[in-house]
Amino acid sequence: MSAYIESPSPTHNHDACRTKAIQIADRICAERGVQLTTIRRQVLELIWNSHKATKAYDLLDQMKLVQHSAKPATVYRALDFLLDQGLIHRVESLNAFIGCTCSEQKHEQLLLICLQCHEVEERPGKRVMQAVSKELSQAEFTPHHKAIEIQGICKYCTQSEPNAM
């Protein structure tokens, strides 16, 4: 069963989306025998507050509202854990983080970043990634991590433009 969480839309129920992501994280951590500590959970919940990429220091500022003694190292350790468990992704071009919409399975990342509303949509992009893998194989290049980030305008922002096609 795939845990792929659909991309946001104007009618998107984000509370249900966030709840599902946290439940999946709880289950994955329990299955793997790793601790989703209070701090790790708080960082994950803050990331899942939206589908916009969140910077580490913005997370720290939000953490300090609840946990006054929070330090950068606290947030970075939590981010490292969440990345290692595949529960979040790093959006390299923005130096920020998003919740993983399909954390139950190991996968490559195709991230669509809207320059207007700043939402980040994770797509499976199977054919794109297969084509990239073929190119890498032909180049005899062994990747350690594969992610493709594409910046543009999402369909919702395009539809809301007065001169949209």
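Is it fair to say GLU149 is exposed (fewer than 10 other Cβ atoms within 10 Å of the Cβ) and either farther than 14 Å from ILE113 by Cα or not basic (Lys, Arg) (or both)?
Details: exposed (fewer than 10 other Cβ atoms within 10 Å of the Cβ): no; either farther than 14 Å from ILE113 by Cα or not basic (Lys, Arg) (or both): yes.
No.
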Answer yes or no: is there a residue in the range 54-66 that is under 18 Å from ILE148 (Cβ atoms) and of a type in the set (D, E, K, R). no
Would the range 67-88 turn up any residue that is of a type in the set (Ser, Thr, Tyr) and either in contact with a His (Cβ under 6 Å, 6 or more places away or on another chain) or under 24 Å from THR158 (Cα atoms) (or both)? no
Return only the number of the condition from (1) more than 13 Å from the chain's Cα centre (by Cα); (2) buried (at least 17 other Cβ atoms within 10 Å of the Cβ) that LYS126 does not satisfy. (2)
Pairs with Cβ under 7 Å, 6+ apart, first in the range 63-81 and modelled with pLDDT of 95 or more, second surrounded by 15 or more Cβ atoms within 10 Å (Cβ to Cβ) and of a type in the set (Phe, Trp, Tyr): LEU79/PHE97
Answer residue from the range 24-43, given it is of a type in the set (A, V, I, L, M) and free of Cβ contacts under 8 Å to residues at least 12 places away in the same chain and is farthest from PRO72 (Cα to Cα) among those: ALA30
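Every residue in the range 30-45 that is part of a helix (DSSP H, G or I), crowded, with 19+ Cβ neighbours inside 10 Å and not charged (D, E, K, R), please.
So in the range 30-45, the residues part of a helix (DSSP H, G or I) come out as 30-32, 38-45.
From what's left, crowded, with 19+ Cβ neighbours inside 10 Å: 40, 42-44.
Matches in the range 30-45: GLN42, VAL43, LEU44.
Name the residues in the range 37-56 that are of a type outside the set (A, V, I, L, M, F, W, C) and within 19 Å of ARG27 (Cα to Cα), would you? Reasoning before the result, please.
If we filter the range 37-56 for residues that are of a type outside the set (A, V, I, L, M, F, W, C), which is where we start, we get 37-38, 40-42, 45, 49-52, 54-55.
THR37, THR38, ARG40, ARG41, GLN42, GLU45 - these are the residues of the range 37-56 that are of a type outside the set (A, V, I, L, M, F, W, C) and within 19 Å of ARG27 (Cα to Cα).
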Some residue of the range 38-56 being of a type in the set (Ser, Thr, Tyr) and farther than 21 Å from ASP15 by Cα: no
For the range 81-150, list the strands (runs of 3 or more DSSP E) that sit wholly inside it and hold at least 1 residues that are in contact with a helix residue (DSSP H, G or I) (Cβ under 7 Å, 6 or more places away or on another chain); which are they? 88-91, 96-99, 109-114
For the range 70-88, indicate whether the set of residues that are under 20 Å from LEU115 (Cβ atoms) and crowded, with 18+ Cβ neighbours inside 10 Å is non-empty. no
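The values are calculated or read from the model by the stated rules, or taken from the named source; none is laboratory data. All values reported here derive from a predicted model rather than from experimental measurement. Because the Cβ atoms are built from the backbone with ideal geometry, glycine has one as well, and the counts that use them run over all protein chains shown.
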